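Here the structure comes first, spelled out in structure tokens, and everything after it is commentary.
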Amino acid sequence: QPAAAVRHAPRVISPLVRKLARDHGLDLTAITPTGPRGVILRRDVEQAIATTAGKTAETAMDTTPK
Amino acid sequence: MAYDIVVLGGGSGGYACALRAAELGKSVVLIEKDKIGGTCLHRGCIPTKALLHSAEVADETRESESFGVKARFDGIDVQGVHAFKDKIVTRAWKGVQGLLKGAGVTIVEGEGRLAGPGRIQVGSEVYEGRNVVLATGSAPKTLPGLEIDGERVITSEHTLKMDRVPTSVIVLGGGVIGVELASVYRSFGAEVTIVEALPHLLPTEEESSSKLLERAFRRRGIKYELGVFFDSAKTTETGVVVTLANGKTLDAELLLVAVGRGAVSAGMGFEEQGIAIERGAVVVDEHCQTSVPGVYAIGDLIPTLQLAHAGFAEGIMVAEHIAGLNPPPIDYAGVPRITYSDPEVASVGITSAQAAERGIEIVEQVYDLAGNPKSQILGTAGAVKVLAQKDGPVVGVHMVGRRIGELVTEGQLIYNWEALPAEVAQLIHAHPTQSEAVGEAMLALAGKPLHVHN
Amino acid sequence: MAYDIVVLGGGSGGYACALRAAELGKSVVLIEKDKIGGTCLHRGCIPTKALLHSAEVADETRESESFGVKARFDGIDVQGVHAFKDKIVTRAWKGVQGLLKGAGVTIVEGEGRLAGPGRIQVGSEVYEGRNVVLATGSAPKTLPGLEIDGERVITSEHTLKMDRVPTSVIVLGGGVIGVELASVYRSFGAEVTIVEALPHLLPTEEESSSKLLERAFRRRGIKYELGVFFDSAKTTETGVVVTLANGKTLDAELLLVAVGRGAVSAGMGFEEQGIAIERGAVVVDEHCQTSVPGVYAIGDLIPTLQLAHAGFAEGIMVAEHIAGLNPPPIDYAGVPRITYSDPEVASVGITSAQAAERGIEIVEQVYDLAGNPKSQILGTAGAVKVLAQKDGPVVGVHMVGRRIGELVTEGQLIYNWEALPAEVAQLIHAHPTQSEAVGEAMLALAGKPLHVHN
Ligand SMILES: Cc1cc2nc3c(=O)[nH]c(=O)nc-3n(C[C@H](O)[C@H](O)[C@H](O)COP(=O)(O)OP(=O)(O)OC[C@H]3O[C@@H](n4cnc5c(N)ncnc54)[C@H](O)[C@@H]3O)c2cc1C
Ligand SMILES: Cc1cc2nc3c(=O)[nH]c(=O)nc-3n(C[C@H](O)[C@H](O)[C@H](O)COP(=O)(O)OP(=O)(O)OC[C@H]3O[C@@H](n4cnc5c(N)ncnc54)[C@H](O)[C@@H]3O)c2cc1C
């Protein structure tokens, strides 16, 4: 994402995606955005959750809303 | 044979619980002494909204000239109003019976009582359940010394069967039911005066919403006495005379008592079985569990919002709780409220007063419907007010205007999903809609007003 | 003196851009040859929605008996319809002029042309800008050999000034404008036939929505010829005779041509200055930049959705882009679409056909408004259809029904925020509202149907 390289703050356009990251203790600035102009999409957070879960060998996390 | 769940009362709460439980594979028996659908379907939400629609048609017909439509309004055909309302109710009633049947819920007709833990008795029959859900609902209240005679002094239930449009009505109570029926009676041509002990109509709403409603009602010729207590009522040959605590008297053909509804919790063995009850309502925890293990209570029987969809939500939650799905408790501030009068009043989230109580620092934005073309086309005054936590999410949406009730769902998503004003503001709303008023308020809160006059 | 921004054209796109830019501290001049507000305000969205409301009132008055209201419908007062419409337009027009003045935007009356990079010429005056935004909108198209005479063969612009209700109308084109005006004419009492070359009315909508609209129109007595090309039209003493490509002929008092709108891009120096144009529309990138640096184009002039709120969004985005805020591009699938006919058709997100093209595996749920009590009260048939990615978020919401347009905002939040059906399903919607139909579809998609017959 060339245009996203100089991001000031992470761009999330969905409160649900923001919450998903928060509920999983993820730092949005550490998530790689795949949306246009560096927008972090649901799939990006889900990807990060999967990666984190894999790394820490935690049990699969529940992604349904609480 | 013991059922997984015995539900007592087939209103909104009870039938929703039964449906969800059956879906989750539970065996369910639903006990109803009258008609499945309860208050909401037969004496509440549905029939009143049918009346309100007839009222709207009457008003639009009266005002048709201002839209370039030539028509003559010739009055209300009371029998026709009932026929319309009954058709709607009957259809929905068939629908819900079909749903329960389809889901495999056993329906028992009869009056039940809690005969022991996990035991509901109906006549000589006892239904045993691993879990019992009490959903016996509520009934109209009155004031001490004020007797409902069904002729001169009536409740909402009598309004739904009225045989004529009265010349004049005093509505005691400016809550949702009083306000809605005052609106209907006025549209049908009656002189209406509302008496409310608190300082405003719809006293639990945002104060600015109440004031907008009051202004609209004043324009419609609906009178009101606010902040004054009822003292007494006397029926006469031709009507009823009401005396207020300040000495003022009012007279009218009818007195409609709409001072609230009380939980139906007496005479059914609840207290005998150790169920904690406070001021008539069954006490429950955040999962609707009563003080007796295995016994739940939902709907108007418990002291939460007396709304059909709150009952649905509670019923569903209890079914899921019993099934071990560990559902989250309900955030009642996030349950939308609508008063379907003309104009409608709707809200979700907290009020500014509640924010102040809780020490939440808020910013607010009011968007006047005068700036909203679609509302102008509909000929409605009103406003959308949005409250957001300072540098934080939206915490309240409060609206007044014709047809505005449908917009509360947007507020419901925004509030419950903790959206920031900027997250809504980026989504330019469809033009020309009333929902643009919500969009404009969000744009302004996000620091990028579009159609906002400063 | 050079302005930060020179905007050419004061319609929805142009004025929104000017307002947002001024808010961001930019100096802005807005050049408009006719009236600020453009097509939408004077010849589009607003006046047509006023007509549609008069149409609604006419229909409700006609049908009032079925709601228990006695009334006599005496016809349409065409002058009254215009007076109502004009009042609404004038008010909104004053509003937007006030907004621009308040924001400090310089307004220039006159016809402008692109005289060089950063230069717009109006008569002998040249306005220089570090950035230029072209927003000259669109105008009605016609077909080869079909001449608009404004008498027998007209466009939407003439409809808005009609001096009578015609006995019969042929509407050429079954897109949004054709469908809306067909609906108005029918409510006003005319015989209406729509001719559409593609197989369905509103051919870009979900096919099931088109079919529901067609069914509703058939019930209303609106006729249509689908999948057949127009061949020729001949005006006669009393009207017009239309011949279709299959040889069939239709006659009527009027022929309304609603075959689309073409960008207004010619004769203003665009091409001379090197602006790339394709099939009449200005070519832009995702930030609405044309092929010439520093020159942007927005609104109906570019080949995106021809909707006022798309123009607003583009205008705002361009202003923010010029101000260096780096706004994200618009996801046009997330822009809501509403056709305000009776019944209304609304959608946001993608259609099943688009999902199939893109290889997205979807699940879908249709909720018939027959199960929605509020819609029954309003007397409307229709449905809400929700498409979700398998095990993923909602990707499309498609709706048909009276007053259903206001519900599209909920769909807009859901789609753009990538909500899962379960995230919506946990929020039980207010009862009884039309929005419950959206809620029910989500509940069903989330595997927990409430009021759904299987
Ligand atoms: C005039 C009016 C208008 C309203 N409008 C709205 C509205 O627009 N929107 C909204 O959300 N809410 C509205 N409400 C409120 C809504 O009707 C209630 O919140 C809802 O009906 C509560 O559902 P419930 O299941 O708790 O109780 P109920 O609907 O009261 O059902 C209780 C059922 O239990 C049965 N029952 C009681 N005791 C026994 C027994 N011993 N054995 C067997 N059966 C028993 C009753 O016969 C009844 O059918 C309105 C209420 C009124 C009165
Ligand atoms: C009948 C009808 C109904 C519609 N209904 C809706 C609806 O309900 N909802 C919706 O979202 N959209 C609707 N639309 C579409 C909507 O009107 C357009 O999408 C919108 O107006 C486009 O805005 P714009 O700024 O691009 O162009 P326009 O609104 O067309 O404005 C362009 C402006 O530029 C001016 N101009 C052109 N050339 C020059 C020049 N050389 N110098 C100076 N000024 C110039 C014109 O006078 C005009 O004022 C409708 C359209 C029609 C025709």
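The values are calculated or read from the model by the stated rules, or taken from the named source; none is laboratory data. Just so you know, these numbers come straight off a predicted model, no measurement behind them. Virtual Cβ from ideal backbone geometry, glycine too; neighbours counted across all protein chains shown. In case anyone asks, the SASA skips ligands and DNA or RNA and just uses the protein heavy atoms, side chains included. Shrake-Rupley method; radii C 1.70, N 1.55, O 1.52, S 1.80 Å.
DSSP finds beta bridges in the range B:153-259, and of those with both partners inside it, around 40 percent are antiparallel. How much of the DSSP bridge set in chain B is antiparallel, in percent, rounded to the nearest 5? In chain B, approximately 60 percent of DSSP beta bridges are antiparallel ones. Given R0 = 45 Å, the distance between the Cβ atoms of B:S124 and B:R164 translates into a calculated FRET efficiency of 0.50. Amide H to amide H distances under 5 Å link B:G379 with no residue, where only residues 5 or more positions off or on other chains count and H is placed in the peptide plane. Among complete DSSP H helices in chain C, those whose alpha-carbon atoms stretch at least 30 Å along the helix's long axis and whose mean Kyte-Doolittle hydropathy reaches -1.0 are C:78-103.
Based on C-alpha pairs under 8 angstrom that are at least 6 apart in sequence, the range C:343-446 has a relative contact order of 32 percent. Pairs of Cα atoms nearer than 8 Å and 6+ residues apart set the relative contact order; for chain B it is 15 percent.
Can you give the local net charge around A:R42? Use residues other than it whose beta-carbon is closer than 15 angstrom to its beta-carbon, Lys and Arg +1, Asp and Glu -1.
-2
Spin-label model, B:E271/B:A139: points 7 Å from Cα along the beta carbon direction are separated by 1.5 nm. With the convex hull drawn over the C-alpha atoms of the range B:343-446, the volume per residue is 78 Å³. Heavy-atom accessible area for C:K223, with the other protein chains in place and a 1.4 Å probe, reaches approximately 100 Å². Note on surface exposure: B:V240, C:V366 rank C:V366, B:V240 by accessible area, highest first, 1.4 Å probe.
Close amide-amide hydrogen proximity is noted between B:G396 and B:I350, B:L387, each under 5 Å apart and 5 or more residues distant or on a separate chain (H modeled in the peptide plane; Pro and chain starts excluded). Overall, the protein assembly as shown carries a charge dipole of about 440 debye about its Cα centre when +1 sits on the Cβ of Lys and Arg and -1 on the Cβ of Asp and Glu, all other atoms neutral. Per-residue shielding of B:330-341, expressed as the average number of other chain Cβ atoms within 10 Å of the residue Cβ, stands at 2. Each other copy holds its own label point for C:E111; taking that point as 7 Å from Cα along Cα to Cβ, the gaps run 8.5 nm, nearest first.
Accessible area, 1.4 Å probe, largest first: how do C:T39, B:T167, C:T90 sort? Mind showing how you got there, number by number?
Working: C:T39 35, B:T167 95, C:T90 60 Å².
Descending order: B:T167, C:T90, C:T39.
Placing unit charges on C-beta atoms (Lys and Arg positive, Asp and Glu negative, everything else neutral), compute the dipole magnitude of chain C about its Cα centre in debye, rounded to 20.
Numbers: 40 positive and 55 negative charges, 147 e Å.
Around 700 debye, computed over chain C.
Taking amide H positions as modeled 1.01 Å from N, with prolines and chain starts lacking one, the residues under 5 Å from B:I194 and 5 or more places away or on another chain are B:V171, B:K223, B:Y224, B:E225.
Report the net charge of residues surrounding C:K33, where surrounding means a beta-carbon distance below 12 angstrom and charges are Lys +1, Arg +1, Asp -1, Glu -1. With Lys, Arg at +1 and Asp, Glu at -1, the net is -2. Neighbouring Cβ atoms from other chains, within 10 Å of the Cβ of residues in C:307-317, number 4 on average. Of all beta bridges that DSSP places with both ends in the protein assembly as shown, some 60 percent have antiparallel geometry. Between the beta carbons of B:T236 and C:K94, assuming R0 = 51 Å, the FRET efficiency works out to 0.45 to the nearest 0.05.
List the relative contact order of the range C:182-329 as a percent without decimals, with contacts defined as Cα pairs under 8 Å and 6+ residues apart.
Numbers: 188 pairs, mean separation 18.0, N = 148.
Relative CO of the range C:182-329 lands at 12 percent.
Inter-copy label distances at B:D391, using a point 7 Å along Cα-to-Cβ, come to 4.0 nm with the shortest given first. With the whole protein complex present, C:E272 retains an accessible surface near 130 Å², based on a 1.4 Å probe. Take each residue in C:98-104, count the other chain C-beta atoms within 10 Å of its C-beta, and the mean is 2.
Annotation for C:D285 and C:E157: the two label points, set 7 Å from Cα along the Cα-Cβ direction, are 3.5 nm apart. Counting Lys and Arg as +1 and Asp and Glu as -1 over every other residue whose Cβ lies under 14 Å from the Cβ of C:N246, the net charge comes to -2.
Model label points for B:Q389 and C:K87, set 7 angstrom from Cα along the Cα-to-Cβ axis, are 4.5 nm apart.
Would you calculate, for chain B, the mean residue ellipticity at 222 nm contributed by helices, counting each DSSP H stretch of 4 or more residues as -39,500 (n - 2.57) and dividing by all residues, to the nearest 500?
Values: 13 runs with 141 residues, N = 454.
Estimated from H runs of four or more residues: -9500 deg cm²/dmol.
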